[in-house]
Amino acid sequence: MHAMKIRIRLVAFRDAPKEVYEQARNRLIECFPIIHLAFVEEAPDAICFASGGSEQLAVSLMEPGRFYLLLAGDQGNAYAAATEVKAWADLNGRSTKLVTIKQAMEDKILDRLAGVNQARHQLQHQKAALIGEVSHWLVASHFPLSLVRDRFGIKMIHLPWKTLPDYLEHPPDEEFLNVFAESKKKDFEKEARIHTFLQHIVQEYQLDGVTVECFSMVKDRGATACLSLALLNSRNILAACEGDLVSLTGMMVTRALTRHVPWMANIASINHDHVLFAHCTAPLNVVRAYSLPSHFETDKSAAVQGDLDMEDVTIYRLNAQLNKAYIAEGRIVARPKHAFACRTQVEVALSPEDLHALREHPLGNHHLIIPGRYGDLFRWFGWVSGVQAIQG
């Protein structure tokens, strides 16, 4: 990910000579050579304390509703001043993180902040759609479409079924038929027509992601969208199930932050040390091998039953107000094929604290899973974007 610039305001004691600012500026450039630092007077992302006596200037820069990184060295009472400002910020509802320059270097904090800035900028230029309606059982996974623009800048539109052409009137997609050609036992013409339809919608409306009310499709026409969603996600077109707006938003955040397209899954069960996640679709490029049994809930059409090609994973879930998130890192310990759950399944071992949060304070059913450990990056996104990570 190409780092955006970080806007930094240097602060020092009243009437400080230019040399104080120049020394602070040169030290930052030396300590963070690969970060594009823009030294500004207004609207900074970070406030760097060059000395003590800078408290009043620092607080005058801090507007409500914005996050500020407070950065300080250990000379000239700089860290002492930053501590006072941090206390003021906490008392006055300003979101901040206070770190030393050394800590910022060791933990690559400016890299994370730049990555978050880049992701937020990317989201502000993205567009997504709800096709059909939010499934009626998703009582904690929908919101007014204007909310996602207000929170993250994403434009979300609604495309009711009655405004769209019949998805089975489209010609079968040849790439789709070729991808799933190994399964000779089933005729996937209907599913291939659905894929053509969804690609057409993505292209016509210039979408970066969709969430599809898919159960009505299998109920009314006997064909699921599971295979099409799997193929779209593997082609880097975000595609969520069941008209789930929260999951689609989380998928867009996840991809912008990490470049990974997540697997969206149900919580099928929780025991004392792990969670069973399951769903009837998965991006084809995150499974080692897969088969195409019927859809679990309806026993019709086809679903993806695959072995997820992941070991260490990060789990992410937003709430319906888009101001809280569940963030956990874990490890896949099994890839079962239970008959009582959706087709693709994994058991993920989590810490006792993360399991407790999932049991006692769930934000909803569907969770997003990606390979790797990105918990810190999601937490930084939350601090900057006003999304609170729930605690176990």
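Per-residue answers, yes or no, for (1) more than 29 Å from Ile267 (Cβ to Cβ); (2) in contact with a strand residue (DSSP E or B) (Cβ under 6 Å, 6 or more places away or on another chain); (3) in the same structural domain as Tyr290 (by TED's automatic domain parsing); (4) not hydroxyl-bearing (Ser, Thr, Tyr):
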residue	(1), (2), (3), (4)
Pro165	yes, no, yes, yes
Asn178	yes, no, yes, yes
Phe188	yes, no, yes, yes
Thr211	no, yes, yes, no
Thr224	no, no, yes, no
Which listed residue is in contact with a Leu (Cβ under 7 Å, 6 or more places away or on another chain) and closer than 30 Å to Arg259 by Cβ, from Leu71, Leu37 | Leu37
Could you count how many residues in segment 345-389 are free of Cβ contacts under 8 Å to residues at least 60 places away in the same chain and not in a helix (DSSP H, G or I)?
-> 2
Of the candidates Ile370, Ile390, the one satisfying the condition of being in contact with a strand residue (DSSP E or B) (Cβ under 8 Å, 6 or more places away or on another chain), more than 17 Å from Ala268 (Cα to Cα) and surrounded by fewer than 21 Cβ atoms within 10 Å (Cβ to Cβ) is Ile390
Matching entry among Ala223, Ala230, Ala140, Ala181 (being part of a loop (DSSP other than H, G, I, E, B) and closer than 17 Å to Met251 by Cα) = Ala140
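Yes/no per residue for (1) hydrophobic (A, V, I, L, M, F, W, C); (2) in the same structural domain as Leu232 (by TED's automatic domain parsing); (3) more than 27 Å from Phe215 (Cβ to Cβ):
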| site | (1), (2), (3) |
| --- | --- |
| Leu284 | yes, yes, no |
| Pro293 | no, yes, no |
| Gly306 | no, yes, no |
| Asp312 | no, yes, yes |
| Val333 | yes, yes, yes |
| Cys342 | yes, yes, no |
| Asp376 | no, yes, yes |
In segment 358-373, how many residues are more than 17 Å from Leu276 (Cβ to Cβ) and either out of contact with any His (no Cβ under 8 Å at 6 or more places or on another chain) or not assigned by TED's automatic domain parsing to the domain that holds Cys241 (or both)?
-> 4
Residue list for segment 257-286, restricted to those being of a type outside the set (S, T, N, Q), crowded, with 24+ Cβ neighbours inside 10 Å and more than 26 Å from Ser351 (Cα to Cα) = Cys280, Pro283
Inspect segment 311-329 for any residue being in contact with a His (Cβ under 9 Å, 6 or more places away or on another chain) and either free of Cβ contacts under 8 Å to residues at least 12 places away in the same chain or not in a strand (DSSP E or B) (or both) and give the result as yes or no.
-> yes
Looking at segment 57-77, is at least one residue over 35 Å from the mean Cα position of the chain (by Cα), assigned to a loop (DSSP other than H, G, I, E, B), surrounded by fewer than 16 Cβ atoms within 10 Å (Cβ to Cβ) and of a type in the set (D, E, K, R)?
-> yes
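The values are calculated or read from the model by the stated rules, or taken from the named source; none is laboratory data. Since this is a predicted model, take the numbers as computed values, not measurements. All Cβ positions, glycine included, derive from the backbone under ideal geometry; neighbour counts span all protein chains shown.
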